[in-house]
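Here the structure comes first, spelled out in structure tokens, and everything after it is commentary.
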Amino acid sequence: MSILRLPRFIYDEIRAHGEETYPQECCGALLGHPAAEGWRIVASVRSGNTRTDSAHNRYQIAPVELVHIQRTARRQGAEIAGFYHSHPDHPPQWSPTDFAEAHWLGCSYVITEVAQGKAGRTNSFLLAGTTEEDKHFEDEAIVMDDERIGAPSA
Amino acid sequence: MNILISTPLRPFAGGQHVLQVEAGTVGEAIRALTGAHPELRKHLFTPEGKLRAFVNLYLNEDDVRYLPDRENTRVSAADSLSIIPSIAGGTGHPGGRALIILQPAGEAEIWN
Ligand SMILES: [Zn+2]
């Protein structure tokens with residue numbers, strides 16, 4: 001199982017973002033460096049949810065915003081390592097929609113549950129595979145400040 | 001010009017973040033890129049040769065799909081082209097509403 005290393009302030013920030021946008025989904029990007037066992041995250045970037053028509057159950061980051069985030073990452077000597085979004089009043093498991101629209105192979109997809117406005121569980125899934133045809137999500141452990149906070153199946 | 005390669009495509013571009021190509025148009029730049037890194041082709045194009053729906057091409061700040069000349073848009077050495085897969089999803093739970101299937105751009109009718 002791969003490991004997503006997440007500093008506590010970023011973990012807290014993702015969850016706070018989810019609470020702020022509740023009952024709508026929040027989303028953002030994670031910047032980091034590759035390591036043997038998985039991504040080492042150094043920063044998160046909040047993004048607007050462009051799905052204003054259906055923000056309670058959908059999220060989308062505008063591509064031009066991704067262009068800017070990628071530029072920011074490169075300036076910091078990092079790269080886009082993954083993304084996060086919230087599941088308002090739904091468990092922190094990837095949905096068929098999440099899977100169908102996941103295209104960043106090798107990147108981490110963090111999902112944080114927000115139940116009745118309060119941050120719940122936070123999970124990470126690695127989009128594994130080498131093509132659209134064989135892609136799949138794998139459960140990933142989150143390790144925060146070297147303290148393991150569990151994996152989706154745990 | 002510079003072509004900025006996003007994380008998921010980097011393994012198919014020799015592990016590089018930025019590639020330099022000589023090109024007069026966006027289309028020439030992409031052909032130069034896939035010529036040098038043929039593995040990228042199947043990630044960018046459908047078997048029919050259309051740009052995949054979830055692949056976004058940005059010339060500086062502009063979506064190439066919406067430029068008047070699309071892939072024939074002229075480029076200069078100072079331009080940068082970003083190749084960025086889309087990011088979207090959601091619980092998809094309709095919550096009493098009809099489930100909306102996202103289809104942002106469709107497969108653009110470019111690159112034959
Ligand atoms: Zn989701």
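What's the number of the condition A:ALA81 fails, among (1) more than 16 Å from the ligand (Cβ to nearest atom); (2) within 18 Å of A:THR122 (Cα to Cα); (3) within 10 Å of chain B (Cβ to nearest Cβ); (4) touching a helix residue (DSSP H, G or I) at 6+ places or on another chain (Cβ under 6 Å)? Here A:ALA81 clears every test but (4).
Selection within region A:24-70: residues that are more than 8 Å from every other protein chain (Cβ to nearest Cβ) and of a type in the set (Asp, Glu). The member of this set that is nearest to A:ALA115 (Cα to Cα) is A:GLU65. Scanning region A:72-80 turns up at least one residue that is in contact with a Ser or Thr (Cβ under 8 Å, 6 or more places away or on another chain) and touching a residue at least 12 places away in the same chain (Cβ under 8 Å). A:MET1 meets each of the listed conditions (1) modelled with pLDDT under 95; (2) part of a strand (DSSP E or B) apart from (2).
Conditions (1) within 16 Å of the ligand (Cβ to nearest atom); (2) open to solvent by 30 Å² or more (accessible area, probe 1.4 Å); (3) modelled with pLDDT under 95, marked per residue:
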{"site": "B:MET1", "(1), (2), (3)": "no, no, no"}
{"site": "B:THR46", "(1), (2), (3)": "no, no, yes"}
{"site": "B:ILE83", "(1), (2), (3)": "no, no, no"}
{"site": "B:GLN103", "(1), (2), (3)": "no, yes, yes"}
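Filter region A:92-122 down to residues that are open to solvent by 20 Å² or more (accessible area, probe 1.4 Å) and part of a strand (DSSP E or B), then give me how many there are. So the answer is 6. The set of residues in region A:8-60 that are aromatic (Phe, Trp, Tyr), free of Cβ contacts under 8 Å to residues at least 60 places away in the same chain and assigned to a strand (DSSP E or B) contains only A:TYR59.
Looking at the structure I just gave you, is A:ALA73 part of a strand (DSSP E or B), within 12 Å of chain B (Cβ to nearest Cβ) and buried (at least 21 other Cβ atoms within 10 Å of the Cβ)? No; evaluated as a whole, the condition is false for this residue.
Within region B:3-23, being open to solvent by 40 Å² or more (accessible area, probe 1.4 Å) and more than 14 Å from chain A (Cβ to nearest Cβ) holds for B:GLY14, B:GLN20, B:GLU22.
Within region A:86-104, the residues that satisfy the criterion of being within 10 Å of the ligand (Cβ to nearest atom) and facing chain B (nearest Cβ under 7 Å) are A:HIS87, A:HIS90, A:SER95, A:PRO96, A:THR97, A:ASP98, A:GLU101, A:ALA102.
To keep it simple, each residue is scored yes or no on (1) surrounded by fewer than 17 Cβ atoms within 10 Å (Cβ to Cβ); (2) within 13 Å of chain A (Cβ to nearest Cβ); (3) among the hydrophobic types (A, V, I, L, M, F, W, C).
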position: B:THR25; (1), (2), (3): yes, no, no
position: B:ARG31; (1), (2), (3): yes, no, no
position: B:LYS42; (1), (2), (3): yes, yes, no
position: B:ALA53; (1), (2), (3): yes, yes, yes
position: B:ASN60; (1), (2), (3): yes, yes, no
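The C-beta contact set for region A:82-100 (first residue in contact (Cβ under 8 Å) with a residue 24 or more places away in the chain and farther than 24 Å from A:GLU132 by Cβ, second residue part of a helix (DSSP H, G or I) and more than 8 Å from the ligand (Cβ to nearest atom), distance under 7 angstrom, 6+ apart or interchain) comprises A:SER86/A:GLY18; A:SER86/A:THR21.
The values are calculated or read from the model by the stated rules, or taken from the named source; none is laboratory data. Remember, it's a predicted structure, so these values are computed and weren't measured experimentally. Cβ coordinates were reconstructed from backbone atoms using ideal geometry, including for glycine residues, and neighbour counts include every protein chain displayed. These area figures cover heavy atoms from the full protein model, side chains too; ligands, DNA and RNA do not enter into them. Shrake-Rupley method; radii C 1.70, N 1.55, O 1.52, S 1.80 Å.
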